[in-house]
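Take a look at the structure set out below.
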Amino acid sequence: MSTLAWSADLALDHPRMDGTHEEFVALLADTEAALTLDEATLLTRWTTLCEHTVEHFGQEDRWMQATGFAPENCHTFQHKAVLDVMLECAKRAREQADFEPLRLAVGELAIWFPQHARQMDAALAQHMALVGFDPETGRCAVTLDGNGEPLREPALEPITGCGGSSCG
Ligand SMILES: [Fe+2]
Ligand SMILES: [Fe+2]
């Protein structure tokens, strides 16, 4: 049994994001299962996970761009830092046959992902719900409160924090 399995408490009530996260957890479990197999299989599965993560993070980064976040916000910054490490692990394994960083990173990702999902991704899902962002159209709806007033004013300044409880 893998260290991290998909469960309802990882869901963020955002079907597109939850679907991507469920795929991520499954690909990470496939990679973890390959830790006891041959290195070629391990590298293939890790590469698939990296390719999925490029899309996963890219999708969230595009959603942030579309809903008022600054390009250099801390959530996007964390995506870049994590993806850089993942790609470096793949490079070390492929070019130097050094699998130690990759093996370590599999376990680290299983610890990192639930924290990231519950903080930064949860805050993004909540933000998209507040501005009525539709990922299918890339548009924000104007949501009105009981008095017919917009529920949330458009941000005057680009958002640089992730909106998570740990972020100022
Ligand atoms: Fe995510
Ligand atoms: Fe994220």
Highest first, please rank the peptides 97-108, 118-129, 43-54 by the mean number of other Cβ atoms sitting within 10 Å of their residues. 118-129, 43-54, 97-108
Between Glu39 and Ala141, take the C-beta separation as r, use R0 = 45 Å, and let me know the FRET efficiency to the nearest 0.05. 0.35
Taking the Cβ of Glu55 as the center, what net charge do the other residues with Cβ under 11 Å away carry, scoring Lys and Arg +1 and Asp and Glu -1? -3
How long is the gain from Ser7 to Arg92 if the chain were fully straight, where each residue apart is worth 0.36 nm and the alpha carbon distance is subtracted? 27.4 nm
Of Ala117, Thr36, Ala70, which is farthest on the positive side of the dipole of segment 14-140, counting Cα position, with +1 on Lys and Arg Cβ, -1 on Asp and Glu Cβ, and the Cα centre as origin? Ala70
Acute angle (nearest 10 degrees) that the helix 15-33 long axis makes with the longest principal axis of the chain, alpha-carbon atoms: 10
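What's the magnitude of the charge dipole for the chain around its Cα centre, counting Lys and Arg as +1 and Asp and Glu as -1 at the beta-carbon? Answer in Debye, nearest 20.
Values: 11 positive and 27 negative charges, 28 e Å.
The calculation lands at about 140 debye.
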Using 0.36 nm times the number of residues separating Ile111 and Glu72, minus their current alpha carbon distance, what extension gain do you get? 11.6 nm
The set of residues whose placed amide H lies less than 5 Å from the amide H of Ile159, leaving out same-chain residues fewer than 5 positions away, is Phe69, Ala70
Listed with the fewest Cβ neighbours within 10 Å leading, Ile111, Ile159 appear as Ile111, Ile159
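Each value in this text was obtained by applying a stated rule to the coordinates, not by laboratory testing. Worth saying up front: this structure is predicted, and the values here are computed from it rather than measured. Note that each Cβ is placed from the backbone with ideal geometry, even for glycine, and that neighbours are counted across all protein chains shown.
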